[in-house]
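Here's the structure, in structure tokens; my notes come after.
The values are calculated or read from the model by the stated rules, or taken from the named source; none is laboratory data. A quick note: this is a predicted structure, and the numbers were derived from the prediction, not measured. Here the Cβ is made from the backbone with ideal geometry for all residues, glycine too, and neighbour counts use every protein chain on show. SASA here: full protein model, heavy atoms, side chains in, ligands and nucleic acids out. Shrake-Rupley method; radii C 1.70, N 1.55, O 1.52, S 1.80 Å.
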Amino acid sequence: DARGRELMRWGDSFRAARAALSCPAASTARARALFAGLATSAKGTTELPPAALSGSVAACSSATGKLRLSLATGLRSSRSPPLRSRIRGLDMSTSAPAAGAKRRVGVGQMTAVTDLEQNFQTCQALVKEAVQKRCDLLSLPECFSFIGYVDGEAASKATDLSGDIMARYRQLAKDHGIWLSLGGFQETAPRFEEDVPRMYNTHVIIDSEGEINASYRKLHLFDVDIPNGTRHLESKRTEAGKDVCVTDSPVGRLGVTICYDVRFPELYQRLRFDHGAEVLLMPSAFMVRTGEAHWEVLMRARAIECQCYVVAAAQTGKHHDKRESYGDSIIIDPCAHPPRP
């Protein structure tokens, strides 16, 4: 629609201005003129209405299988009480749909556990809800298929993308005719140290025919050691990826990332300005402490600087007595409108 086209023109102008600044001094005047135009355009974009929301939000308890529906009044999901699974949907306009058409994206929230089958059943329930709400793509969070309890347990569950675990999710997408963004899968890595298995943290995009459309191995691994607090060393068992990933989909051109990547803005600028991404996927399993401090502001920052939609599916609640995730699955539009109460 007109709003979506204006936002993309704004982003393209920003890219041109940035390129001009990197050129010789002769281009300085052109860069200044471009940024002046951006300032004028920005005054208009701040007054645009927020993107249309779907009419309801679904919450599903995997323990009972019962559904609870409530009116969707904003983009954010509730932090309390933590639910086993939740979906939010957002209608968005990018360059992909036909003129005037809108596509719907669903963002899932769940509490993964140390049971592959239970996690699959939770994801299956979320897929069914997304289909009922006419979503074209559903984004699921990092570690959607498994979260380990002891050191090395997740790596021990790693399999190839051609293996049986991924085959079930591919069939799920095909059976329901929906695209899936599988936020972080334990993919077998070729390198071993002292007979200890290692893995990639891999974001897999599956199309509505059940085919793997794209895969991205997490570039930035999360290592943290808080005195008298959490100690998490992702690099101990996980290999870092080497390549950025963009792919076309029914909802637009996707920039594919994972969780901790969000703290590296240059990655998202490459995805947007060098590769034309329109929708930035950021599935996560954020720690509670850092989530409370930075989760929403980071997502909004990436939306503002890249002029893209941000879709961030999140793990939530206590996975076991050693790990808890922040939650707050969120979708941000290119103007970074804050979630409404």
Checklist entry - Among (1) closer than 26 Å to A189 by Cα; (2) without any contact (Cβ under 8 Å) to a residue 40 or more places away in the chain, where does H275 come up short? => result (1)
Checklist outcome for this item: T202: passes all of (1) part of a loop (DSSP other than H, G, I, E, B); (2) among the β-branched types (V, I, T); (3) modelled with pLDDT of 95 or more but (1)
Next on the checklist: I'm checking my understanding of the structure. Among residues of the stretch 194-215 that are open to solvent by less than 40 Å² (accessible area, probe 1.4 Å) and of a type in the set (D, E, K, R), which one is nearest to A173 (Cα to Cα)?
Outcome noted: D207
Item to check | Tally of residues being over 21 Å from T238 (Cβ atoms) and either among the hydroxyl-bearing types (S, T, Y) or open to solvent by less than 60 Å² (accessible area, probe 1.4 Å) (or both) across the stretch 157-175 | outcome: 3
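Counting only residues that are of a type in the set (A, V, I, L, M, F, W, C) and in a loop (DSSP other than H, G, I, E, B), which one in the stretch 124-172 is farthest from R104 (Cα to Cα)? It would help to see each step written out before you state the result.
Within the stretch 124-172, the subset of a type in the set (A, V, I, L, M, F, W, C) is 125-127, 130-131, 135, 137-138, 140, 143-144, 146-147, 150, 154-155, 158, 161, 165-167, 172.
Those left that are additionally in a loop (DSSP other than H, G, I, E, B): 135, 143-144, 146-147, 150, 158, 161.
Details: C135: 5, C143: 23, F144: 21, F146: 27, I147: 29, V150: 38, A158: 32, L161: 27 Å.
Restricting to residues being of a type in the set (A, V, I, L, M, F, W, C) and in a loop (DSSP other than H, G, I, E, B), the top hit is V150.
In the stretch 247-264, which residue that is over 13 Å from the mean Cα position of the chain (by Cα) and not basic (K, R) is surrounded by the most Cβ atoms within 10 Å (Cβ to Cβ)? Spell out the reasoning first.
If we filter the stretch 247-264 for residues that are over 13 Å from the mean Cα position of the chain (by Cα), which is where we start, we get 247-253, 263-264.
Subset that is not basic (K, R): 247-252, 264.
Numbers: T247: 17, D248: 14, S249: 23, P250: 17, V251: 26, G252: 24, F264: 13.
Top of the filtered list is V251.
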Item to check | Matching residues in the stretch 288-322 - criterion: being among the hydrophobic types (A, V, I, L, M, F, W, C) and not in a strand (DSSP E or B) | outcome: V288, A293, W295, V297, L298, M299, A301, A303, I304, C306, C308, A313
Item to check | V224 in a strand (DSSP E or B) and either open to solvent by 10 Å² or more (accessible area, probe 1.4 Å) or over 24 Å from V288 (Cα atoms) (or both) | outcome: yes
Item to check | Qualifying residues in the stretch 112-145 (those that are open to solvent by 10 Å² or more (accessible area, probe 1.4 Å) and among the β-branched types (V, I, T)) - the one farthest from R231 (Cα to Cα) | outcome: V131
Next on the checklist: For the stretch 293-328, which positions are closer than 27 Å to E278 by Cα, acidic (D, E), out of contact with any Pro (no Cβ under 7 Å at 6 or more places or on another chain) and open to solvent by 30 Å² or more (accessible area, probe 1.4 Å)?
Outcome noted: E296
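Sort through K242, K218 and tell me the only one that's at negative phi, under 21 Å from the mean Cα position of the chain (by Cα), among the basic types (K, R) and crowded, with 18+ Cβ neighbours inside 10 Å. Can you show your working first?
On the way: K242 fails: crowded, with 18+ Cβ neighbours inside 10 Å.
Only one candidate qualifies: K218.
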Next on the checklist: So in the stretch 227-239, with the set limited to residues that are over 22 Å from Y268 (Cβ atoms) and without any contact (Cβ under 8 Å) to a residue 24 or more places away in the chain, which one is least open to solvent (accessible area, probe 1.4 Å)?
Outcome noted: L233
Checklist entry - Can you tell me which residues in the stretch 241-287 are assigned to a strand (DSSP E or B) and among the polar types (S, T, N, Q)? => result T247, S249, S284
Checklist entry - Would you call G148 within 23 Å of K322 (Cβ to Cβ), open to solvent by less than 50 Å² (accessible area, probe 1.4 Å) and touching a Pro at 6+ places or on another chain (Cβ under 9 Å)? => result no
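Given the condition over 17 Å from the mean Cα position of the chain (by Cα) and farther than 23 Å from T114 by Cα, answer yes or no: does some residue in the stretch 133-150 qualify?
yes
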